[in-house]
1. Report the residue count in the range A:55-80 for those that are without any contact (Cβ under 8 Å) to a residue 60 or more places away in the chain and either touching a Lys or Arg at 6+ places or on another chain (Cβ under 6 Å) or within 19 Å of A:Leu173 (Cα to Cα) (or both).
2. Out of B:Phe174, B:Phe253, B:Phe160, report the one residue that is buried (at least 24 other Cβ atoms within 10 Å of the Cβ) and away from chain A (no Cβ under 14 Å).
3. What's the total number of residues in the range B:52-105 that are more than 30 Å from B:Thr201 (Cα to Cα) and part of a helix (DSSP H, G or I)?
4. For A:Gly282, indicate whether it is surrounded by 14 or more Cβ atoms within 10 Å (Cβ to Cβ), more than 19 Å from A:Ile31 (Cβ to Cβ) and more than 30 Å from the chain's Cα centre (by Cα).
5. Which ones in the range A:210-265 are over 29 Å from the mean Cα position of the chain (by Cα), surrounded by 16 or more Cβ atoms within 10 Å (Cβ to Cβ) and charged (D, E, K, R)?
6. Out of all the residues in the range A:35-52, which are more than 14 Å from chain B (Cβ to nearest Cβ) and loosely packed, with under 15 Cβ neighbours inside 10 Å?
7. Looking only at helices (runs of 4 or more DSSP H) that lie completely in the range A:53-169, which have at least 2 residues being within 12 Å of another protein chain (Cβ to nearest Cβ) and in contact with a strand residue (DSSP E or B) (Cβ under 8 Å, 6 or more places away or on another chain)?
Amino acid sequence: MIAFDHISLSLGTFSLKDVSLTINRGDYYFIVGPSGAGKTVLLEAIAGLHRPERGRVLLRGEEITALPPEKRGIALVYQDYSLFPHMTVIDNVGYGLRMRGMGKREARGEVAGLLEEFGISHIADRYPATLSGGEQQRVALARAVAGKPDILLLDEPLSALDPVTQEKFIHDLQRLHRENGLTIVQVSHSRREAHLLATRMAVIIDGTLVDEGRADVVLNTPRSRQVASFVGIENILDGRVAANDGGHATVDVGGHAFEAVTDAAAGEEVTLCIRADDVVLGVGDGRRSSTRNTMAGMITQIVENGPVAEVKVNCGVDLTAVLTRRSGQDLHLAPGTPVTLSIKATAIHVIRG
Amino acid sequence: MKTETLPGDIRRGDGETVLPWWRQRKRQHIDGCTLWFCIMGAAIVGITVLALANIAMTELADPVHLLEVAASSEVLGSILLTFGAGASAVLLLILFGTPLAYVLARSRPSRFKGFVESIVDIPLILPHTVAGLLVYLLFMRRGWLGAPLSDIGIAFEDAFPGTVVAMLFVASPFFINTMREGFEKVPVHLENVARTLGAGTFTTFRTVTLPLSLRHMYNGAIFAWGRAIGEFAGVIMIAYYPFIISTLIYYSFTTDGIRTSRSIAFVVIVVSLAVFYLLRRMTRHLGRYDDRV
């Protein structure tokens, strides 16, 4: 639907470097990256608010590089909501309709249904300064979709909301995406949001797009150590392939052998990525199983986080396993407890080079 | 603790009792540092208060002469001319200074921007006679701008346009800098959102940026108007006649002596105070968008 073809642009000392990406109709596209990586600039560039120095922007196959934002049909919701403080809620939501030539009275009629849909009819005549964060967010979203845009851009829309309001808003976004078939591009820091919402995603670091593709692929099989770290893979281990027998490799990590599935040749430097929920933790002698990697170690730390617990284990290398708090209690786990860790060779993602 | 209801308390429709202003004062703790700051600040305010009290007491002691001066057509005409020329200068500043202020507020720092900002500020740092001379040299009948404009019938020397242009020159930094501050306070995100909602650049400026900067526009206009109507040296270089109020006071002082010039000055003080107070009252709710207050 919209594609960036080798886009480069500079803003003061910051620059986007040679960014190419494709967002298809109906995608829920996530852009993730650390603070200052250029996520918002990329979003604004999609909206047409920054003119690229090099490269082309294509919308439905047609070049729109020089097309101003008001003619793109792409709406934007900022993290700070950016409601017009001098307009009431109803005027804020109707702004886009009036800009497209609709009369004030007609726009108000059109907007009334939308306010009902978003559950904000009761605040129609209020000014933004008097609204809660959740109400402001709903108004901003209603304003953005009022003009029926082709693409909706969201800049970290959930970051300023409390957990309960976040859940409600996630449902709103899922509904918008599912029922209206809206193409949504969202900037976020949150892996959880990406898991819940994203169909495709891109990782941007220091102005460069370092990974792009299906959300599950980027999250589970990242292209580089940097991306693995950013998407929150808990166990990232550097090693060297000691032997490879038809794709079944033995990787030496600081004197410990890990078995993994990869085409990397013997002697090649690799990075192993292991999700904490792929690490199975046992107490006592492990029974015979198909698991290729079994190692003994000792618990160094247990971090409880709601219903789950992250268990840090030293088995020569430091590894993290995640299990339910109840499992931890049943196994009487505590720092110093000797345990056995098991990891399937197929659960290890190998990054070459 | 319940406050005792006394005569004068106001009972609202919802049954709540509102205290009159003289009973609303609250005991406020002032620390030593703030107290010293207040004392030092009072010295500045004190000079102005003393000067005003001095002239007021003298003038009010002879109300017949004061009214005679205040009612003279020369004084009234001069006040109207001064206020009118100041308002014309401010209107021109709003028309031409607003776009400049917006460009300065939104452009990225550069040497060129710094240069333009310095040019804008020049009238602030120049002696007023120098400012007047600059205006005169440019707008006199043989001046770069004065000559062609004179050819189409617009004369500046000893004429109303000369007064306006001199006032505009000295007052411009006050308006442009205040307006620029106002534009800088409008988040760029608001403009970006308006653009994505279908508003062009000028429509965004008209419907979002300008309404949110109205308070600064009014304040800038009031500052500039105050500066303009108080100008003397800058104006007399190009337009000694017709007399604006400061020229009339100077003329009266050098020809009739202190008594008449002091009375004119007192009339100007009273009128100016009244006008500025009214303007402030009229604009106190401007730019506040909160239906809770």
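Throughout, read-outs are computed from the coordinates displayed, never taken from laboratory work. What you see is a predicted model, and the numbers here were worked out from it, not measured in a lab. When we count neighbours, we look across all protein chains shown, and the Cβ atoms used for this are built from the backbone with ideal geometry, even at glycine.
1. Qualifying residue count, the range A:55-80: 4.
2. Details: B:Phe253 fails: buried (at least 24 other Cβ atoms within 10 Å of the Cβ); B:Phe160 fails: buried (at least 24 other Cβ atoms within 10 Å of the Cβ).
Result: B:Phe174 is the single residue among B:Phe174, B:Phe253, B:Phe160 that is buried (at least 24 other Cβ atoms within 10 Å of the Cβ) and away from chain A (no Cβ under 14 Å).
3. Restricting attention to the range B:52-105, the residues satisfying the condition of being more than 30 Å from B:Thr201 (Cα to Cα) are B:52-86.
With the extra rule that they be part of a helix (DSSP H, G or I), the set shrinks to B:52-60, B:63-71, B:73-86.
Matching residues across the range B:52-105 total 32.
4. On the way: surrounded by 14 or more Cβ atoms within 10 Å (Cβ to Cβ): yes; more than 19 Å from A:Ile31 (Cβ to Cβ): yes; more than 30 Å from the chain's Cα centre (by Cα): yes.
Taking the combined requirement at face value, the residue satisfies it.
5. Here is the first cut: in the range A:210-265, the residues over 29 Å from the mean Cα position of the chain (by Cα) are A:240-259, A:265.
Going one step further and asking which of them are surrounded by 16 or more Cβ atoms within 10 Å (Cβ to Cβ), we end up with A:241, A:244, A:249-251, A:253, A:258-259.
Matches in the range A:210-265: A:Glu259 only.
6. Passing the criteria: A:Ser35, A:Gly36.
7. Numbers: elements: A:89-99, A:104-117, A:133-146.
In the range A:53-169, A:133-146 are the helices (runs of 4 or more DSSP H) which contain 2 or more residues that are within 12 Å of another protein chain (Cβ to nearest Cβ) and in contact with a strand residue (DSSP E or B) (Cβ under 8 Å, 6 or more places away or on another chain).
Let's see how each residue does on (1) surrounded by fewer than 16 Cβ atoms within 10 Å (Cβ to Cβ); (2) touching a Pro at 6+ places or on another chain (Cβ under 9 Å); (3) within 14 Å of chain A (Cβ to nearest Cβ); (4) within 20 Å of B:Pro99 (Cα to Cα):
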residue	(1), (2), (3), (4)
B:Val188	yes, no, yes, yes
B:Asn192	no, yes, yes, yes
B:Val208	no, no, yes, yes
B:Thr260	no, no, no, no
